[in-house]
Structure formats: C-alpha cells, structure tokens
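Down below is the structure, laid out as structure tokens.
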Amino acid sequence: MLAKSVTRFSGVGVAVSGMLRPRVQLSGFSSNSSGEATPGPLSVPEKHGMDIIRDPSLNKGMATTLKERQSLGLHGLLPPNFTTQDAQVERCMIHLAAKPNALEKYIYLCSLQDRNERLFFRLLKDHLEELMPIIYTPTVGLACQKYGVLFRRPRGLFITIHDKGHIYDILKNWPVKNVKAVCFTDGERILGLGDQGCQGMGIPVGKMALYTGCAAINPQYCLPVTLDVGTNNQALLEDPMYIGLRHKRVTGDAYDEFIDEFISACKARYGSSVLMHFEDFGNQHAFRLLSKYLDNTCCFNDDIQGTASVALAGILGSLRITNNKISDHTFVFLGAGEANLGIAELICLKMEKEGVPKAEAYKKIFMLDSRGLLVKSRTNLTKHKLPFAKDMPECRNLEEVIKNVKPTALIGAAAQPKTFTKEIIEEMTRNNERPIIFALSNPTSQAECTAEEAYKWSNNKAVFASGSPFPRYEQDGHIFEPGQGNNAYIFPAVALGVMCCGSINIPDELFLQSAEALSYLVSDKDLAVGRVYPRLSDIQEISVKIAVSVIERAYELNLATVYPKPDNLEQFVRDQLYSTDYPTFIPETYEYDLSNYQ
C-alpha cells in the first residue's frame, strides 16, 4: 500500500511515493482586476495579516481579492487596487527592462523570488528563453563572484565542516520537512571560474530554481545547500566582504566523513529516496564521490552526467545533419575533466548500444588535458582517463592532434577561452563536409570560440553548439540560431522522472535515455537554422516528455518503486506538476435550505 500524508503547503496535497499528487481542485476563488471572485484552487493559509505578505509562498500582492484581504487581516496592508497575475508579470518585465545590466536583473529576480514565489516562477515560465541567461549561466557566475556584496537574504542551508556531528540538527532548522531533492556544492569548481568557496551558493540556488522553471517541480520540495569546508582562493580569504569560512580547504578523511554525514543526515531527515544532486565539486572529489554513492543513494552529478547527456543529445541531433551514425565519428576532446570524461563515457555507452564493442568505442575518442594528449606512456593518468589513453607519441598541441587524428567532432569543456582558433576550425573543415564543433565551457567568457567564429571560419559548414547562449548569426544569406547545450534540458527532467516513479538510484542508462529522448524532440525547423536542440521556450513540455521516457526506462531496469505502474505515464507526470496560478484563500460558502423543515 502506498503511504499517504497530507502537507500544509499551498497547492500540494497527498503524497504518493517520491512525489505529491496535486490537491483536489475544490471550488474556490482567485482574484481578477476588480477584486471579484473567479473559480480557482482552494488553499486556506494558517497565517494571518502581515505574515502572509512576508511569506513568498503565500503572498499574492495586489492580486489578493477584497474578500481575502478582509478575512485574513490584509485589508489596508495593500494598495486599494486589484490586479491579475498577468498584469503583475507585465509590471515585472517593465522593471527588468529598466535595469542597466544583467547583474542588476539577477538581483531584481532574486528579490522577486523572495517576496512572491508563484509570480517569480510564472515570469520564468513565460519568459524562460530571455531570463535563463540571467538566473543561470552566464550571469550566475558573476553573481557568485560578487555574492558577498550582493548577499541580502539567505536562501538554502549553509553547513560547515565545523558542524560535523550536528548536521541532522541543522537540517531540522529548515522549515520544510517534505524535501524531495537536495542540490549541494562545496564551491570548489564553480562553472569555469574555479574555487568560489561559500559564495558558490548561487549555483545550487539557481539549479533549484530551474527544477521548477523547467520541470514544474514544486519549489517546496527543493533544498539548495552549500557545504563550506574553506577555500583555497586567496583573494576571497582576504576579501572583507567574503561570507564563508576564512581558512584553507579541509581535505582527506575529515572531508570524506563530513560528506558522508551530510548524505546520511539527508536520508534520515527526508527519506532514503531523497534525490542528492552533486554540483560543481572539484575533479579530485567529483568522480570519487559519485562512484561511492551511486549504487546506494538516489544521486547524480550534473557536471558529469547531466553535461554528458545534453552533449550527447546535441551530437545525436547533429547526426541528422551529417547523415551518419555515431560510430562513424571520431572525437577529439579539449579537456579531460568531469564534463568531457562524462560525455566521452556516455558516447561509448551509446556506441555499445549500437553494437560497437566498448574497447573499439574508446579508440574513437582522443582527449587532451593540461599536459597534452592522453597517451599510454604517461604515468600520471587517473583511472578515469586511462581507457582513453592512446599508443601514440606525446603531443601538447591541439592543432597538431587535429591534423594527425582528423576527427569529425571537436568538443571543448576545459574553460580555456579562444582555444578553437581559426587554424583549427579551418583544419576541421578541410577534413569534413560538416564538422561538429561544440564549445561547451561556461560562462561565455570561457568559451573555446564564439558561434560567429565557428560559422565564419568554417564557411558556414560547422554544426555548432555551446554551453552559454550566443546570438543569432547571419552571413551570405545563411541564418544560424546556435543551440545552447544547456544542462537545464536534462537535470530537471531527470529529477522529475525519478521523483515521480521513486527510482532507487540513477544509473547512466537513465541519462542515455534522456539524451535520446531530447534528440527526438529536435525538429526539422530547428536543424534548418543549425540548432541541434529544441527551443528553450518549450522546456516544460520537453521536460515532461523526457521524464516519461526516464520513468519508462526505470521500470524496465526495475528501479522504480511506485506500483502498480501507472497506465498513462504522461498523465501521471502531469498530475504532479506545480502550478503558478494563485490559489484562493477563501472557501466557497453556502446556506442550509431548511424550508422543508420549518
């Protein structure tokens, strides 16, 4: 029998395994511009007066109806006008247009989320393509660098290495008990910016916002966490505005014990099926921790698995332009960190699925790290790099590797800007009719090349994608709208699927399934303008379809725990989605008809 529990949070109701089914739509009211009542979902708050206005999950601003104001102690606390959520969205866009730069827009959106949660997510849903670069990369990178100065109101939990032995008690301080997903970082490798220490909190906060903005996961289920173990960034240690611990990073056994206690405490507090999302850990910890917890915890590392999935989806989309199979391609990777190793492994898994032996798949991938090409004569290779080491002479020059290997695809995720030079892209074009060029490093300032450079230097032949957005490009009558290989296509959808079916863990097969599902959603119209991903404006529908695919695969792998399996998986997923519509706070009333009893 499925366990059921009732939550008091607005807009949610009965728990079913990993997710909650929406509250039954009782006859209620929501406001219109005249303050009259119109039918809408019912949610009666326990709070009163100013406490409602101060609660972002309850505050509706001037969309609060007259009856609600009078009944809940709000009358006089708001201007005597009545508006709609549509008008509020329009007002927000006017405010955003007046902001002088992306960072100021980021600050405004954070303040909106702090005061009116549903309006924030409605704005994000309606204008995601425009706002994604503001709430996440590239602007979030700058926000992390300035987080100490920008800090106003805490969002999420800050847990330090000195809290060992007391982490469960700290989790109890978080006001929401029904957490379903925890996104956490130690701030060591924030985007391509390196160690940002405690100020890396901008990343899990942004990721959790995308859980809701992209996949309509209830924000009440989402907990962003920074694990502060110190920082090796000397500039931060000397910055009087730095908000984190002022000492060097703690490593070794103490670090491992800290992480282990945190994950164990989350399971104890929120249940063994709570989703643990590793984010922006350094290379020396990322693979090791993922391997340690992958089989016994419902977890994933977005930098490894999410990046791999979205990159593979772009490659699969590119195959519809190059008109061949993935096994027909040879790949050169600039960088051998978490992202590229994850991509390479998932490419091999896809080749295996198509019948290519794994050893042969590894032969089609060439990788360069900071010391050059991965070759067998090198003695410093980690176990994750060893499968890609080649029996070749050492070489530190990317252009030379391109000339010798003659790859069909070039992928960069090394945060080394401008490394895909004119000569390299011209060499790729000489060897291929349609060279695949993916410059995946974030933020934009770290990209290996721009979209314009890739198109111009390849005579408009490149199949291009990037990690951060680039504008539309026109040349010689050709129109290109470069696709952004944004992890937001993948990690929210995977989380939605896993939470809906109660998957016990998240193996690479689910990320392969996600990549394939995403690639199927790329239209011919997208490909005609060189875009190997669907439009971000359709992201919630995309997330639903990917989630359904993930759930189907989870049942095939016997990972799901929700039984019986729903007959209509898509409807099952849609029933879980968070609504940005305002609920009404006033229940419908009625009179007894006692006329026959007089």
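Per residue, the convex hull spanned by the Cα atoms of the stretch 224-342 amounts to 162 cubic angstrom.
Placing one equal scatterer on every Cα of the stretch 398-483 and applying the Debye formula, the log10 ratio I(q)/I(0) at q = 0.11, 0.15, 0.18, 0.21 Å⁻¹ is -0.25, -0.47, -0.68, -0.92. Length, then width, then depth: along the principal axes, the Cα atoms of the stretch 91-138 run 24, 18, 17 Å.
Rg/Rh for the stretch 74-213 to two decimals, with Rh computed the Kirkwood way over all alpha-carbon pairs. Don't skip to the end; give the middle numbers.
Working: Rg = 16.9 Å, Rh = 16.8 Å.
Rg divided by Rh gives 1.01.
Mean separation of Cα pairs under 8 Å and 6 or more residues apart, divided by the residue count, gives the chain a relative contact order of 16 percent.
Distance between the 7 Å Cα→Cβ label points at Asn568 and Glu360: 4.5 nm. Taking 7 Å steps out from each Cα toward its Cβ at Asp538 and Glu130 produces label points 2.1 nm apart.
Suppose R0 equals 41 Å; then what is the FRET efficiency for Arg115 and Ala268 from their Cβ-Cβ distance, rounded to the nearest 0.05?
Taking R0 as 41 Å, the efficiency between Arg115 and Ala268 is 0.80.
What's the local net charge at Glu552, with K and R +1, D and E -1, over the other residues with C-beta under 13 Å away? The answer is -2.
Computed over neighbours whose Cβ is under 12 Å from that of Tyr147, the net charge equals +2, Lys and Arg +1, Asp and Glu -1. Considering only Pro357, Pro492, Cys395, and ranking their Cα positions along the charge dipole of the stretch 355-497 that arises from unit charges at the beta-carbon of Lys, Arg, Asp and Glu, the one farthest toward the positive end is Pro357. DSSP beta bridges fully contained in the chain are about 25 percent antiparallel. Report summary: the helix-based calculation at 222 nm, which adds -39500 (n - 2.57) for every DSSP H run with n ≥ 4 and divides by the residues of the chain, gives -11500 deg cm²/dmol. Here Arg378 and Val44 are evaluated by their C-beta separation; at R0 = 41 Å the FRET efficiency comes out at 0.05.
With the largest listed first and rounded to whole Å, the semi-axes of the equivalent ellipsoid of the stretch 314-417 from the Cα gyration tensor are 22, 15, 13. Neighbours of Ile326 by Cβ distance under 13 Å: Lys/Arg scored +1, Asp/Glu scored -1, total 0. For the stretch 69-145, the Cβ-based charge dipole about the Cα centre amounts to some 220 debye (Lys, Arg positive; Asp, Glu negative; other atoms uncharged). For the chain, the residue among Tyr582, Asn324, Asn558 whose Cα projects farthest onto the positive side of the dipole built from Cβ charges is Asn558.
Placing unit charges on the Cβ atoms of the charged side chains and taking the dipole of the chain about its Cα centre, the candidate lying farthest along the positive direction among Leu103, Gly192, Gly314 is Gly192.
Placing unit charges on C-beta atoms (Lys and Arg positive, Asp and Glu negative, everything else neutral), compute the dipole magnitude of the chain about its Cα centre in debye, rounded to 20.
440 debye
Spin-label pair Asp169-Tyr592: with each label point 7 Å from Cα along the Cα-Cβ axis, the two points sit 5.3 nm from one another. May I ask which of Lys60/Lys125; Lys267/Lys358; Lys60/Lys146; Lys353/Lys385; Lys422/Lys461; Lys164/Lys207 have a Cα-Cα span longer than 24 Å here? From Lys60/Lys125; Lys267/Lys358; Lys60/Lys146; Lys353/Lys385; Lys422/Lys461; Lys164/Lys207, over 24 Å: Lys267/Lys358; Lys60/Lys146; Lys164/Lys207. Binning all Cα-Cα separations of the stretch 472-553 at 10 Å, short to long from zero, yields these whole-percent fractions: 18, 45, 23, 10, 3, 0.
Just so you know, all these numbers are worked out from the coordinates, no wet-lab data involved. Bear in mind the structure is a predicted one, so any value in this text is a computation, not a measurement. Cβ: placed from backbone, ideal geometry, glycine included. Neighbour counts: every protein chain shown.
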